[in-house]
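Data block below; observations after.
Laboratory data are not the source of any read-out in this text; all were calculated from the coordinates shown. In this text, all values refer to a predicted model and were calculated from it rather than measured experimentally. Cβ coordinates were reconstructed from backbone atoms using ideal geometry, including for glycine residues, and neighbour counts include every protein chain displayed.
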Amino acid sequence: MRVRRLLGLALATLAFAGMSVTGSFAAEAAAPQVSWADCKYGGGQQVKHSSGYWYCQGGTYDGQRISGSSGY
């Protein structure tokens, strides 16, 4: 009986650790994006990057990619 409890505790610990790691990677992977209007009204200017995507330069959303812009 003690072995089952320890095994269950170990599996639960690994499951929770896996969920927190997965959650942190998901949070890092999703880059924040703003709309064209948010960039403009936040005091920024829309600038096309060499990668082909549009970014907000200056203002509140400086350096964030503009949603709806696509690369080459």
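Here are the numbers for the structure shown:
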{"quantity": "Calculated from backbone phi, Karplus (6.51, -1.76, 1.60) coupling profile of the range 62-68 in Hz, x at Gly/Pro", "calculated": "4, x, 8, 6, 8, 5, x"}
{"quantity": "Pairwise FRET efficiency - THR13 versus SER67, Cβ, R0 = 35 Å, nearest 0.05", "calculated": "0.35"}
